[in-house]
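Heads up: the structure comes next, in structure tokens.
Quick note: the coordinates plus some simple rules give every number you see, no bench work behind them. The structure displayed is predicted, hence computed values, not measured ones. Note: ideal-geometry Cβ built from the backbone for every residue, glycine included; neighbour counts use all protein chains shown.
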Amino acid sequence: MKVLAKLKPEEGMWMSEADKPEIGYNDILIKIKKTAICGTDVHIYNWDEWSQNTVPVGMTVGHEYVGVVAAIGDGVRGFKVGDRVSGEGHITCGHCRNCRAGRRHLCRNTMGVGVNRAGAFAEYLAIPADNAFKLPDEVSDDMAAIFDPFGNAVHTALSFDLVGEDVLITGAGPIGMMAAAVAKHAGARHVVITDINDFRLDLAKKMGATRTVNSQRENLKDVMAELGMTEGFDVGLEMSGVGVAFNGMLKAMNHGGKVALLGIPPKDMAIDWNEVIFKGLVIKGIYGREMFETWYKMAALIQSGLDLSPMITHVMPVDNFQEGFDIMRSGKSGKVILDWEA
Ligand code: NAD
Ligand code: ZN
């Protein structure tokens, strides 16, 4: 079968051939329809330090996908051949304390699809059936292909009560944009989002942000005054992984504010701890999606009218993957979708 893989220890991604995966007793085989390119795939393409230390050469990459169940293992219940599914990219161990308590997103032995084991940029993907999610009809294929990053946005945004609150999002990448849409849909008052990329800020506006801020040209203090905010933001969602953005957020938070951190900063990022302590801020780290509470909420958000379509800026046949990666690397895109059936 056709796969997109990291064949050489250098910048790039290559179309290749691999054996169709075998399925075990508890697995399903998924015939892939569409996949989306994640920031992680771009890191692997670029072959940065993290990828060199994490991803074995030869790995089939990709973990954002939609497909149809093509075969099921003998032990599988709840799925049948023909079901349309997406799936959780974190494969959890099932035997650690958190897994046993049903908190699978906190598993300490998580393996990543397309990072530590064969990924979804392939004609077929085998995963444990309990990592798959059956999709309601209202969720289009394009939307289902981005359920993984949408789940990051939903998990982060819904970590704290947003109703009637003023929300600050730093970083208008695909996940920040989706978080803006979710926060607005869920009933936040002001949803202010910052970035340094105007293309992305324009998209974030289309997605429902009430005010976009290019932090190279405007400062949050002025924006807060313009919005009549005399105290500070109630909820902060950090989605840039950039120290100056996070420090700006800490300054702009109200006392008692709540901050969720999804963006992955450099290890030695310094912050002004006085902002955290004297304001009594609550800070929560976010990894992945809650299995499967986040997934049910994603489906319900779409069913209740949340529209994420503005952020799908490119859909192309998988054979044009090079163009897809180039567009992602340019920063002038929302999500880029590769069609495996075109
Ligand atoms: P992305 O890189 O596309 O988005 C980050 C955005 O931050 C970019 O648009 C960039 O222009 C912007 N930015 C840069 N400097 C800024 C500044 N000073 N102020 C405001 N914005 C600034 O990434 P994404 O795919 O949207 O993911 C968001 C973040 O979440 C990334 O750091 C990613 O690594 C991380 N992530 C974490 C998890 C997790 O489970 N914790 C999962 C997926 C992604
Ligand atoms: Zn576990």
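Summary of values
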{"quantity": "Residues whose placed amide H lies under 5 Å from that of I264, excluding near-sequence neighbours", "calculated": "G241"}
{"quantity": "Protection-proxy order for peptides 53-64, 171-182, each taking the mean of Cβ atoms within 10 Å per residue, highest first", "calculated": "171-182, 53-64"}
{"quantity": "Where a label projected 7 Å from the Cα of E293 along Cα→Cβ would reach, residues of the stretch 138-160 with amide N under 14 Å", "calculated": "154-160"}
{"quantity": "Cα centre as origin, Lys/Arg/Asp/Glu Cβ charges: the stretch 1-125 dipole, Debye", "calculated": "640 debye"}
{"quantity": "Charge dipole magnitude, Cβ of K and R +1, D and E -1 - the stretch 228-321, Cα centre, debye nearest 20", "calculated": "160 debye"}
{"quantity": "Enclosed volume per residue, in Å³, of the convex hull spanned by Cα atoms of the stretch 228-296", "calculated": "108 Å³"}
{"quantity": "Cut-off under 5 Å, modelled amide H: who pairs with F233 long-range", "calculated": "M253, N254"}
{"quantity": "Simple label model, 7 Å out from Cα along Cβ direction - V282 to K221, nm", "calculated": "2.9 nm"}
{"quantity": "Total charge dipole magnitude, the chain, about the Cα centre, Cβ charges on Lys, Arg, Asp, Glu only, Debye to nearest 20", "calculated": "700 debye"}
{"quantity": "Farthest toward positive dipole pole in the stretch 129-197 [+1 Lys/Arg, -1 Asp/Glu at C-beta], among A153, V139, N197", "calculated": "N197"}
{"quantity": "Ranked by how many other beta carbons lie within 10 Å on average, peptides 20-27, 246-253 from highest", "calculated": "246-253, 20-27"}
{"quantity": "Residues of the stretch 150-192 with amide N under 17 Å of the 7 Å Cα→Cβ point at N247", "calculated": "170-171"}
{"quantity": "Evaluated at q = 0.22 Å⁻¹: base-10 log I(q)/I(0), Debye formula over Cα of the stretch 125-195", "calculated": "-0.96"}
{"quantity": "Using distinct alpha-carbon pairs, which all enter the 1/r mean, Kirkwood radius of the stretch 229-342 in Å", "calculated": "17.2 Å"}
{"quantity": "Placed amide H near K33: partners under 5 Å, 5+ positions off or other chain", "calculated": "V66, G67, V68"}
{"quantity": "Descending semi-axes in whole angstrom, ellipsoid equivalent of the chain, from the Cα gyration tensor", "calculated": "34, 21, 19"}
{"quantity": "Kirkwood Rh and Cα Rg combined as Rg over Rh, evaluated for the stretch 157-203", "calculated": "0.96"}
{"quantity": "log10 of Debye I(q)/I(0), alpha-carbon scatterers only, for the stretch 169-312 at 0.09, 0.20 Å⁻¹", "calculated": "-0.27, -1.33"}
{"quantity": "Normalised alpha carbon radius of gyration of the stretch 14-74 [divisor 2.2 N^0.38 Å]", "calculated": "1.33"}
{"quantity": "Highest to lowest packing among 109-117, 210-218, 266-274, scored as the average C-beta count within 10 Å", "calculated": "109-117, 210-218, 266-274"}
{"quantity": "Distance (nanometres) between label positions extended 7 Å along Cα→Cβ at D326 and R77", "calculated": "5.2 nm"}
{"quantity": "Rounded FRET efficiency, nearest 0.05, which uses the C-beta distance separating L7 from E49 and R0 of 25 Å", "calculated": "0.80"}
{"quantity": "Unsatisfied cross-links (Cα-Cα over 30 Å) in the set K80/K284; K134/K335; K34/K206", "calculated": "K80/K284"}
